[in-house]
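Here is the structure we will look at, set down as structure tokens.
The values are calculated or read from the model by the stated rules, or taken from the named source; none is laboratory data. From a predicted model like this one, the values you see are computed outputs, not experimental measurements. Note that each Cβ is placed from the backbone with ideal geometry, even for glycine, and that neighbours are counted across all protein chains shown. The accessibility values were calculated without ligands, DNA or RNA, using every heavy atom of the protein model including side chains. Shrake-Rupley method; radii C 1.70, N 1.55, O 1.52, S 1.80 Å.
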Amino acid sequence: MARKPWTAIVAGVAGLLLLTACGGGGGTSGGGALTLGFAQVGAESGWRTANTKSIQESAKAAGIELKFSDAQQKQENQIAAIRSYIQQKVKVIAFSPVVESGWDTVLKEAKTANIPVILTDRAVDSADKTLYKTFLGSDFVAEGKKAGEWLAKEFGSATGDVSIVELQGTTGSAPANDRKKGFADVIASNPKFKVVASQTGEFTRAKGKEVMEAFLKSQPKIDVLYAHNDDMALGAIEAIEAAGKVPGKDIKIVSVDGVRDALQALADGKINHVVECNPLLGPQLMDLVKKVAAGEQVPPRIETTETEFDQAAAKAALPQRQY
Ligand code: AHR
């Protein structure tokens, strides 16, 4: 007897579900590829663009199936992406947390589902360190200290107060918290260093420009700009020039990252010092993904090696700079 059409549809759907369960179970799909769900912060900066490219290219080279999402700098979007990866039963989840706090619930959900989590670039402040396998990224406090040490040296012989304005990164993010702290710890040793204004520029060029415009209007004297990333420094340069001042001379600038545009500005004398933060985390991340997927032990924290650039170093690095 011929099947009724609806019976055939139900049988077809059931078969499809079974196939999906077989193919997707244990975090594999498409014939057994290792699946990684990656929840990215956004596309706020040149650094981030380079980081995303490194992750996508390295996953491809390593034969890892990458499910990628862009949270547009919103924690709720990242939490939704992680929940979706848990539902899809990916083998490993990695993410760069927008902010440090508020992750315990979703991390517990991943742990309950037996999906290992790797933190990349930014850390979380969870007291329970078993909620993630490892952290791969930079020492942001050390980066802030390097910026402060450059300033202390540059203005070592200055008499009178040195007025500093600070463009902070995304409020509540690890790099904003830590770069602020590292810098403050160093300059605290000399009372002539005064941070006269400090506000978030959200790690973007547009906001860096907007906030610097406000600083220039409200502050009678600005000697130094400390920007938590290059994009904000580059936006601020536009504001400084529009105000009729010379960046790098009237207002000295120190920033963090080391993207090509900032190294060019340093070579051109518009920025005075750049502390490097390495975005090329993809290859190391893929190694870690393979290890945790195989149940291997990994170190709890892996820090990237980074340098600093003065004008000569920027000129030397520019021809080979990948990002
Ligand atoms: O978390 C790293 C920081 O995030 C980079 O310094 C900045 O450019 C990015 O947006």
Which one is farthest from Lys146 (Cα to Cα), of the residues in region 278-318 that are within 16 Å of the ligand (Cβ to nearest atom) and among the hydrophobic types (A, V, I, L, M, F, W, C)?
-> Leu285
Could you please let me know if Ile251 is touching a Pro at 6+ places or on another chain (Cβ under 8 Å) and among the β-branched types (Val, Ile, Thr)?
-> no
Kindly provide the set of residues from region 221-249 that are within 16 Å of the ligand (Cβ to nearest atom) and out of contact with any strand residue (DSSP E or B) (no Cβ under 9 Å at 6 or more places or on another chain), ordered by number.
-> none
Do the conditions hold for Ala61, that is, is it open to solvent by 70 Å² or more (accessible area, probe 1.4 Å) and small (Gly, Ala, Ser)?
-> yes
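Residues that are touching a Pro at 6+ places or on another chain (Cβ under 8 Å) and closer than 22 Å to Val259 by Cβ: find the helices (runs of 4 or more DSSP H) completely inside region 38-128 holding 3 or more of those.
46-62
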For region 189-301, which fully contained strands (runs of 3 or more DSSP E) count at least 2 residues that are touching an Asp or Glu at 6+ places or on another chain (Cβ under 9 Å) and either open to solvent by 80 Å² or more (accessible area, probe 1.4 Å) or without any contact (Cβ under 8 Å) to a residue 12 or more places away in the chain (or both)?
-> 193-200
Might you check whether a residue that is under 24 Å from Ser54 (Cα atoms), in contact with a His (Cβ under 9 Å, 6 or more places away or on another chain) and not assigned by TED's automatic domain parsing to the domain that holds Asp121 occurs anywhere in region 264-280?
-> no
Here are Ala176, Ala142, Ala123: which of them is surrounded by fewer than 23 Cβ atoms within 10 Å (Cβ to Cβ), within 21 Å of the chain's Cα centre (by Cα) and within 11 Å of the ligand (Cβ to nearest atom)?
-> Ala123
